[in-house]
Amino acid sequence: MALLVIAIQFSGSVRAHEEKAAEKEPYVAKTMDIYEGFPDWYSPVFKDNVGLSEGAGLFKDYYKPLKMQMYMSPMRHYVQMDILDHSLFIEKGRRDLCIRCHDGINTGAVDDWKGSAHFNPRKTDLIARKTKIIEESIGREIINVDCFDCHADTVKNEIRMPNAEVCSECHERQVRQFNSEKNHGRPNHIQAMEANVLVPWYAEADRRGWGAGQGGCDMCHGISTKCDPCHTRHSFSAAEARQPKACMTCHMGPDHPDSESYGESKHGIILEMEGEEYNFDKPLAHVQVGEDYRTPTWQFCHMYQGGGRFTHNFVSKGIWRMGTVPPSNIEYESSLK
């Protein structure tokens with residue numbers, strides 16, 4: 001009889017434990033600080049949001065940012081719209097209203113999203129496997145990634161302009177690799193906005209009435225806190241980001257003619273002639289050299305770590321000169337200094 005009572009009590013406690021475990025806690029997204037490991041003075045001049053009241057960097061008091069800089073450097077300059085208060089939609093979790101309003105107004109953005117892996121995270125076997133890994137990492141099932149996931153700040157109940165920290169909620173490894181570029185010194189991508197605004201002529205342009213010219217700098221240097229310069233919104237395609245033209249958007253022109261150098265090389269010439277036959281849908285780690293690519297691409301060279309591994313740290317293997325003075329502690333094995 002005593003054994004029966006113990007068994008019943010044990011059974012009841014197990015059932016209660018299982019029921020408690022079955023109660024899912026609300027999902028709280030975890031992000032990483034992309035300025036982790038940087039000096040303390042970075043936050044008040046690059047990260048802390050000041051809207052359009054002042055600039056960024058050490059010359060922040062000498063110029064006022066343009067509205068376009070809200071999108072180039074959202075962490076620092078994004079301002080909420082006065083036209084529509086989104087807080088009620090966010091508080092009630094009305095994901096459906098995003099597409100209902102924006103489809104037909106921002107048709108291109110909506111169409112890009114509908115063709116993306118965010119819309120269908122199981123559209124191929126490869127993407128399905130990657131989605132499963134992300135689900136295990138964040139501890140929840142992904143039906144799709146919609147406007148709400150990236151643009152809704154559910155803590156502040158307001159719209160946000162996504163930056164790399166938002167992307168890190170699912171793509172933490174890639175963002176952490178990107179952040180590690182700082183360990184190799186400049187030039188790099190993670191400090192691109194610093195390089196942009198710390199030169200005196202950037203602030204001087206605004207004082208002389210040439211503020212619009214700053215936009216030409218921001219279009220590229222905004223890569224420091226955003227992922228879409230390579231993974232263009234709203235398709236966020238990895239296949240697109242594997243193509244050299246994704247890099248050529250910025251790495252071109254008289255001050256850093258990387259595009260011209262590659263384009264006139266044998267690698268670039270062959271890519272121009274036969275690029276349609278390259279398989280950019282394959283992850284770099286799966287590429288069969290000579291079969292999928294006849295020649296190396298920018299990404300294949302600069303993201304390769306050895307041993308079949310690739311990284312989102314683009315400068316650990318070879319830092320591009322970018323028109324800067326080469327570091328004095330580097331022993332060059334060629335005359336290309």
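The values are calculated or read from the model by the stated rules, or taken from the named source; none is laboratory data. All of these numbers come straight from a predicted model, not from anything done at the bench. With ideal geometry, Cβ positions are generated from the backbone for all residues, glycine too; neighbour counts draw on all protein chains shown.
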Check your understanding: Going by the structure shown, is Phe148 among the hydrophobic types (A, V, I, L, M, F, W, C), over 23 Å from Val45 (Cβ atoms) and assigned to a loop (DSSP other than H, G, I, E, B)?
Key -> no
Exercise for review: Could you check Glu165 against (1) part of a loop (DSSP other than H, G, I, E, B); (2) under 11 Å from the mean Cα position of the chain (by Cα) and say which number it fails?
Suggested key: (1)
Study note, to complete from the structure: Note on Cys220: of the conditions (1) over 30 Å from Leu88 (Cα atoms); (2) buried (at least 17 other Cβ atoms within 10 Å of the Cβ); (3) in contact (Cβ under 8 Å) with a residue 40 or more places away in the chain, unmet is (3)
Review point. How many residues does the stretch 104-121 contain that are in contact (Cβ under 8 Å) with a residue 12 or more places away in the chain and of a type in the set (D, E, K, R)?
Key: 1
Review point. In contact with a Lys or Arg (Cβ under 7 Å, 6 or more places away or on another chain), in contact (Cβ under 8 Å) with a residue 12 or more places away in the chain and aliphatic (A, V, I, L, M): does that describe Ala195?
Key: yes
Study note, to complete from the structure: Of (1) at pLDDT 90 or above; (2) under 23 Å from Val155 (Cβ atoms), Thr31 satisfies every one except (1)
Check your understanding: Out of (1) in contact with a Cys (Cβ under 6 Å, 6 or more places away or on another chain); (2) exposed (fewer than 14 other Cβ atoms within 10 Å of the Cβ); (3) of a type in the set (S, T, N, Q), what's the single condition that is false for Asn196?
Key -> (2)
Exercise for review: Examine the stretch 122-142 for a residue that is closer than 30 Å to Gln69 by Cβ and either at pLDDT 95 or above or within 18 Å of the chain's Cα centre (by Cα) (or both), and state whether such a residue exists.
Suggested key: no
Practice item. Could you tell me which of the residues His86, His77, His102 is closer than 23 Å to Glu165 by Cα and either among the basic types (Lys, Arg) or at pLDDT 90 or above (or both)? Key: His77
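Just checking, does the stretch 207-216 include any residue being under 27 Å from Arg76 (Cα atoms), of a type in the set (Phe, Trp, Tyr) and surrounded by 18 or more Cβ atoms within 10 Å (Cβ to Cβ)? Can you show your working first?
Of the stretch 207-216, the ones under 27 Å from Arg76 (Cα atoms) are 207-216.
Filter again for of a type in the set (Phe, Trp, Tyr), leaving 210.
Of the ones still in play, those that are also surrounded by 18 or more Cβ atoms within 10 Å (Cβ to Cβ) are none.
So far as the stretch 207-216 goes, no, none of its residues is under 27 Å from Arg76 (Cα atoms), of a type in the set (Phe, Trp, Tyr) and surrounded by 18 or more Cβ atoms within 10 Å (Cβ to Cβ).
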Review point. Taking the stretch 296-327, which residues are modelled with pLDDT of 85 or more and within 20 Å of Glu264 (Cα to Cα)?
Key: Pro296, Thr297, Trp298, Gln299, Phe300, Cys301, His302
Review point. Which condition does Lys156 not pass, out of (1) farther than 27 Å from Ala56 by Cβ; (2) free of Cβ contacts under 8 Å to residues at least 24 places away in the same chain, if it passes all the others?
Key: (1)
Study note, to complete from the structure: Within the stretch 248-290, the residues that are of a type outside the set (Phe, Trp, Tyr), in a loop (DSSP other than H, G, I, E, B) and in contact (Cβ under 8 Å) with a residue 12 or more places away in the chain are Thr249, Cys250, His251, Asp255, His256, Asn279, Asp281, Pro283, Val287
Review point. Do we have Asn183 as in a helix (DSSP H, G or I), of a type outside the set (A, V, I, L, M) and touching a helix residue (DSSP H, G or I) at 6+ places or on another chain (Cβ under 6 Å) here?
Key: no
Check your understanding: Restricting attention to the stretch 223-247, and to residues there that are in contact with a helix residue (DSSP H, G or I) (Cβ under 8 Å, 6 or more places away or on another chain) and among the aliphatic types (A, V, I, L, M), which single residue is surrounded by the fewest Cβ atoms within 10 Å (Cβ to Cβ)?
Key -> Ala241
